[in-house]
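Shown next, in structure tokens, is the structure this report addresses.
The values are calculated or read from the model by the stated rules, or taken from the named source; none is laboratory data. Everything numeric here is computed off the predicted structure, so don't read it as measured data. We place every Cβ from the backbone using ideal geometry, glycine too, and count neighbours over all the protein chains shown.
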Amino acid sequence: MVDPRPATDAPLDVLEGLLQDMRRKLELRDEAPSGAWVERSAGALRAGRQAGWFLPDGAGLALVSVRDADAFGHVHVGPGPGAVERAERLATILLGALPAPVHTAAVGFTGLAVEDERAVLATLAQRKGSTLIGRRAMERALGPEDGAPVGAPPAELRFVPIRAVTIESLAELDARAFAGSVDAMLVGSDPAHYREVLGTVLGGELGLFLDAASTALYRPDPPRLYAALLSTERSARRAVFVDFMVDPEFRHRGLGTFLLRWGLRALWALGYARVRLWVSDENLPARRLYEAHGFRATATAVIYRWSRTAEDPHAHPDR
């Protein structure tokens, strides 16, 4: 097998073909970017504005973005024999090329059969500083029972439209809600990281943003944001809860249940037939809440996360 080569050496049509196939696989997870993402990404990889490596003949692609001390990468392999070896080689070169200031990297995979992905992850998990983060998609049908009134918000909280809230306030709430969890490992601990993700959601890059099925709850005195729900459309009949956040100070007071029921009612009123969300395997309270409201697991995914260890402060262990 030939070694992975820099994406700057790849013909543009090869990059676009690999990215289009990656997008189709991400679509099955409701994570596919919309618009001209394929063309933009292929151009950035070809011009060297984004780091990436490819295997000829559509065999595979790895790409990575660096944000301060965090890196976010993805490995995609095309059909054909040797998928495990191809994915391992692409992941190895991606991790080995991380600059010294990078302390963590989260890497996702597409194009692998379940057994092949497990084999790749098992190999990567042998590296020092490795963590495997399991995630599951949960889905349910919407029905007339979801149209029932949900009442007033708990305590002294009030509704506010998402567009009336600053993205900075939402990012700070996201950071508080997921602090110390495995979810924070996938996004980061800095509110600026959440701001970037929220910008893609509100900008419609992960599907049409549904203002009518998104809301925030705040306390006016003193003013503070305590919860928010963001929803997008994946098809004319299916919606996704892409962000569901509750301030730790307001947990165990019925706020999560109230907000979830409100979101289901909003989607039913808009005519959607199904709703999906993703949750980390370790987030047991959230999983119990969703299961209690009829959500059932329909798919799984695993993210590989690497953290630079104290024994290796300046270089990746496999360099």
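Taking the criterion of being of a type in the set (Gly, Ala, Ser) and farther than 13 Å from Arg5 by Cβ, would at least one residue in the stretch 49-56 satisfy it?
There is no residue in the stretch 49-56 that is of a type in the set (Gly, Ala, Ser) and farther than 13 Å from Arg5 by Cβ.
Within the stretch 124-148, how many residues turn out to be crowded, with 16+ Cβ neighbours inside 10 Å, closer than 15 Å to Val275 by Cβ and either free of Cβ contacts under 8 Å to residues at least 12 places away in the same chain or more than 16 Å from the chain's Cα centre (by Cα) (or both)?
The total comes to 4.
Quick check on Ala315: is it surrounded by fewer than 21 Cβ atoms within 10 Å (Cβ to Cβ), farther than 12 Å from Leu142 by Cβ and at pLDDT 95 or above?
no
Just need a number here: residues in the stretch 250-262 that are surrounded by fewer than 16 Cβ atoms within 10 Å (Cβ to Cβ), without any contact (Cβ under 8 Å) to a residue 40 or more places away in the chain and at negative phi.
Matching residues across the stretch 250-262 total 2.
Only one residue in Gly43, Gly48, Gly17, Gly52 is touching a Gly at 6+ places or on another chain (Cβ under 8 Å) and of a type in the set (Gly, Ala, Ser), so which one is that?
Result of the check over Gly43, Gly48, Gly17, Gly52: Gly17.
Can you name the residue in the stretch 161-204 that is acidic (Asp, Glu) and part of a helix (DSSP H, G or I) and, of all such residues, is nearest to Gly134 (Cα to Cα)?
Only one residue tops the list, namely Asp183.
Please list, ordered by first then second residue, the pairs with beta carbon atoms under 6 Å, 6 or more apart or interchain, first in the stretch 61-74 and surrounded by fewer than 19 Cβ atoms within 10 Å (Cβ to Cβ), second part of a strand (DSSP E or B).
Short answer, once both residue conditions are applied: Ser65/Phe72.
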